[in-house]
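Undergrad: Got a structure here, written out as structure tokens. Questions coming.
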Amino acid sequence: MAARTEDGVARGGPIARCIVYGILMLAAAYFLLPLYVMLTTSFKTLPQIANGSLLSLPSPFSVSAWGDAWSSACTGGDCNGLHHYFWNSVAFTAPAVALSTAFGALNGYVLTKWRFKGSELIFGLLLVGTFVPFQMFLLPMARVLGIIGLDNSVAGLTLVHTVYGIAFTTLFCRNYYVAIPDELVKAARIDGASFISTFRHVILPISTPILMVCVIWQFTQIWNDFLFGVVFTSGDAHPITVALNNLVNTSSTGVKRYNVDMAGAIITALPTLLVYIVAGRYFMRGLTAGAVKG
Amino acid sequence: MSDTTPPAGPPTRGMPVRRWLDRWLPKIALVPSGVALLVFVYGFIGWTIWLSMTTSSLLPNNTFAGLRQYEVLFQLDVWWVSVINLAIFGVLYVALCLAIGLFLAILLDQKIRAEGWLRTIYLYPLALSLVVTGVVWKWLLNPGLGLEHFVQSLGWTGFSFDWLVNPDMAIYAVVIAAVWQAAGFVTALFLAGLRGIDTSIIKAAQIDGASLPRVYLSIIIPSLRPVFFSAIILLVSLAIKSFDLVIALTGGGPGYSTWVPAIFMYDFGFNRGQIGLGAAAATLMMAAVALAMLPMLIAELKERRDGRKN
């Protein structure tokens, strides 16, 4: 992105600048409001929520809703909180992210540096595949998972997320490797490096940025998935997103405990939010790589 | 295998085994992904289309029924409710995201001091699960204790904001939450586009006496065409697939009032044992995405052809 060295189009007097800053701050408040309300509500007690203001700070400050959301709130069938489902999500997200990223890097390497007749066709098919709504895959996949005995399991979700993640990781890596000069690979091959050693010693050492993009993109996609989780699992094997929805929308008995709902929502959001805060720059790069240029 | 050691020694290209490996290993490496692509993407597309043309109900079967499932589908009120909801939701979602995104991007492009911070704040909702977004907005929009109650407590006691529980308005509540989630992303896309514009043309126009709004309307915004294009494609395909947010925010209700095709597909295909109808709904969703993609594909191909000419 060519940064402008001069004052872009900016002009205008101090009043105009104040208005611009005012609007931007207002927009920031709009984007932050739900996060603020989510956090403050999670630390309030129920009487405080019922009698206080939506925007007030919690006083007294109570963490009991967090404990309930983690270990005792009802999520449809059972009342053991979200902790079990949190670890479910970790259990399929970690391997699915690693596998889909590894395959993406390998595919991108072959599709750019070892082209063969038909490799462009494979890439084209892959690209088109990224746009197909997942709804097209649900009925057959449910059948196949049933036949191979992986329905309603963390292993099944790992398989599903890996398979449908490869298209995106391959796209990212292919677009990154295409910009690496072919001479680099040719030189290594003349020196006697094989297919695998060229990958290990020439390509992998310069791949860190794109691998970060893949990992972050896949992590947010897979952790946040709801559709595959709700269709392919039930009860004990649910991912955290499905459990959160059950916690909020199926608990029928008694008073609505908004503080527990909000604590549960933050617990669900925390991993991806942390990744965004720590590695936001790669997050944006992954999004634009997927969106702006195929 | 000598693969693990860095390249060293005399060239070994002549070795037959090595040549054989170099020729076939790349293809072998693509086999797992290629098979997955053929089976789990294209095979499943074919399978779902086939299911939509059978009499499958509780269990899939292979009794050919032509387009009967589609005929049944088109006679269901709840399907049309879903389609109309998607149209309302999709148009508003895309239009609002584009408007807010472009507006904020233009403001952010005025040499703003805290730009990095603001961009981070605008974009973070996209890192959240749509289920989380739905849960939070369900709390904010609930008439009893949420924003309605808050505004009333400020003194405007007649204030009413009950969209979430009002069947005629609930789909607009979904729009509010969905726009909140994606507007920052569109802002970032437009900002990247603005930064890529050649400033010399703008300078020249300003020297010629063009006013700032005029510069934006006749030079800057038209040159953002490609960004509009990719943002629209992306937002339309997101809208067609929207499922999680509606489930978490309204559960499709009140009644059927916020059903969308993705909910229809899930409910008929998995809860009601109407696999044929579910498959037909999924197939139509794919057709809709393909229709939305078509203009982009054509433009892309044209661009490529023109690029080759130059």
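Undergrad: With B:Leu30, B:Leu58, B:Leu25 as the choices, which residue is assigned to a loop (DSSP other than H, G, I, E, B) and over 29 Å from B:Leu164 (Cα atoms)?
TA: Going through B:Leu30, B:Leu58, B:Leu25 in turn, just one is assigned to a loop (DSSP other than H, G, I, E, B) and over 29 Å from B:Leu164 (Cα atoms): B:Leu58.
Undergrad: State the number of residues belonging to region A:243-274 that are in contact with a Ser or Thr (Cβ under 7 Å, 6 or more places away or on another chain) and either closer than 22 Å to A:Ile216 by Cβ or more than 7 Å from chain B (Cβ to nearest Cβ) (or both).
TA: 10
Undergrad: Condition test on A:Phe168, is it among the aromatic types (Phe, Trp, Tyr), in a helix (DSSP H, G or I) and either farther than 30 Å from A:Ala237 by Cβ or in contact (Cβ under 8 Å) with a residue 60 or more places away in the chain (or both)?
TA: Criteria met by A:Phe168.
Undergrad: If a residue must be more than 10 Å from chain B (Cβ to nearest Cβ), part of a helix (DSSP H, G or I) and either within 27 Å of B:Val179 (Cβ to Cβ) or among the hydroxyl-bearing types (Ser, Thr, Tyr) (or both), how many such residues does region A:23-50 contain?
TA: The qualifying residues number 5.
Undergrad: Run A:Ile19 past the list (1) modelled with pLDDT of 95 or more; (2) not assigned by TED's automatic domain parsing to the domain that holds A:Thr220 and report the number of the one that doesn't hold.
TA: Only one criterion is unmet by A:Ile19, namely (1).
Undergrad: For region B:54-70, what are the residues that are of a type in the set (A, V, I, L, M, F, W, C) and more than 13 Å from chain A (Cβ to nearest Cβ)?
TA: Answer for region B:54-70, where residues must be of a type in the set (A, V, I, L, M, F, W, C) and more than 13 Å from chain A (Cβ to nearest Cβ): B:Phe64, B:Ala65, B:Leu67.
Conditions (1) within 24 Å of A:Arg285 (Cβ to Cβ); (2) in contact with a Ser or Thr (Cβ under 6 Å, 6 or more places away or on another chain); (3) small (Gly, Ala, Ser), marked per residue:
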{"position": "B:Ser160", "(1), (2), (3)": "no, no, yes"}
{"position": "B:Val165", "(1), (2), (3)": "no, no, no"}
{"position": "B:Met169", "(1), (2), (3)": "no, no, no"}
{"position": "B:Ile197", "(1), (2), (3)": "yes, yes, no"}
{"position": "B:Ser211", "(1), (2), (3)": "no, no, yes"}
{"position": "B:Pro222", "(1), (2), (3)": "no, no, no"}
{"position": "B:Leu235", "(1), (2), (3)": "yes, no, no"}
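Undergrad: Yes or no: B:Val91 within 13 Å of chain A (Cβ to nearest Cβ) and either without any contact (Cβ under 8 Å) to a residue 60 or more places away in the chain or of a type in the set (A, V, I, L, M, F, W, C) (or both)?
TA: no
Undergrad: Hey, any hits in region A:194-214 for a residue that's among the small types (Gly, Ala, Ser), under 22 Å from B:Lys27 (Cα atoms), at the interface with chain B (Cβ under 7 Å from one of its Cβ atoms) and outside any helix (DSSP H, G or I)?
TA: Within region A:194-214 (the criterion being among the small types (Gly, Ala, Ser), under 22 Å from B:Lys27 (Cα atoms), at the interface with chain B (Cβ under 7 Å from one of its Cβ atoms) and outside any helix (DSSP H, G or I)), the answer is yes, since at least one residue qualifies.
Undergrad: Can you name the condition, by its number, that A:Ala69 falls short on among (1) modelled with pLDDT under 85; (2) within 13 Å of chain B (Cβ to nearest Cβ)?
TA: It fails just one condition, (1).
Undergrad: Right, something else. Would you be able to tell me the number of residues in region A:51-66 that are more than 9 Å from chain B (Cβ to nearest Cβ) and aliphatic (A, V, I, L, M)?
TA: Of the residues in that region, 3 qualify.
Undergrad: How many residues does region A:107-160 hold that are more than 24 Å from B:Val289 (Cβ to Cβ), among the β-branched types (Val, Ile, Thr) and facing another protein chain (nearest Cβ under 7 Å)?
TA: 1
Undergrad: Further question: Going residue by residue through region B:169-182, is there one that turns out to be surrounded by 15 or more Cβ atoms within 10 Å (Cβ to Cβ), over 30 Å from B:Leu141 (Cα atoms) and either in contact with a Leu (Cβ under 7 Å, 6 or more places away or on another chain) or more than 12 Å from chain A (Cβ to nearest Cβ) (or both)?
TA: Looking through region B:169-182, none of the residues is surrounded by 15 or more Cβ atoms within 10 Å (Cβ to Cβ), over 30 Å from B:Leu141 (Cα atoms) and either in contact with a Leu (Cβ under 7 Å, 6 or more places away or on another chain) or more than 12 Å from chain A (Cβ to nearest Cβ) (or both).
Undergrad: OK, next. Where in region B:76-194 are there helices (runs of 4 or more DSSP H), lying fully within it, with 1 or more residues that are at pLDDT below 90?
TA: Of the helices (runs of 4 or more DSSP H) lying wholly inside region B:76-194, those with at least 1 residues that are at pLDDT below 90 span B:115-123, B:147-153.
Undergrad: Is it the case, given these coordinates, that A:Leu121 is in contact (Cβ under 8 Å) with a residue 12 or more places away in the chain and over 21 Å from B:Gly269 (Cα atoms)?
TA: no
Undergrad: Taking the condition surrounded by fewer than 18 Cβ atoms within 10 Å (Cβ to Cβ), within 30 Å of B:Leu164 (Cα to Cα) and over 23 Å from the mean Cα position of the chain (by Cα), does B:Arg214 pass?
TA: So B:Arg214 fails the test.
Undergrad: If a residue has to be modelled with pLDDT under 90 and either crowded, with 22+ Cβ neighbours inside 10 Å or not in a helix (DSSP H, G or I) (or both) to count, how many in region B:257-310 make the cut?
TA: 2
The values are calculated or read from the model by the stated rules, or taken from the named source; none is laboratory data. Because the structure is a prediction, the values reported are computed rather than measured. So basically every Cβ, Gly included, is an ideal-geometry build from the backbone, and we count neighbours across all protein chains shown.
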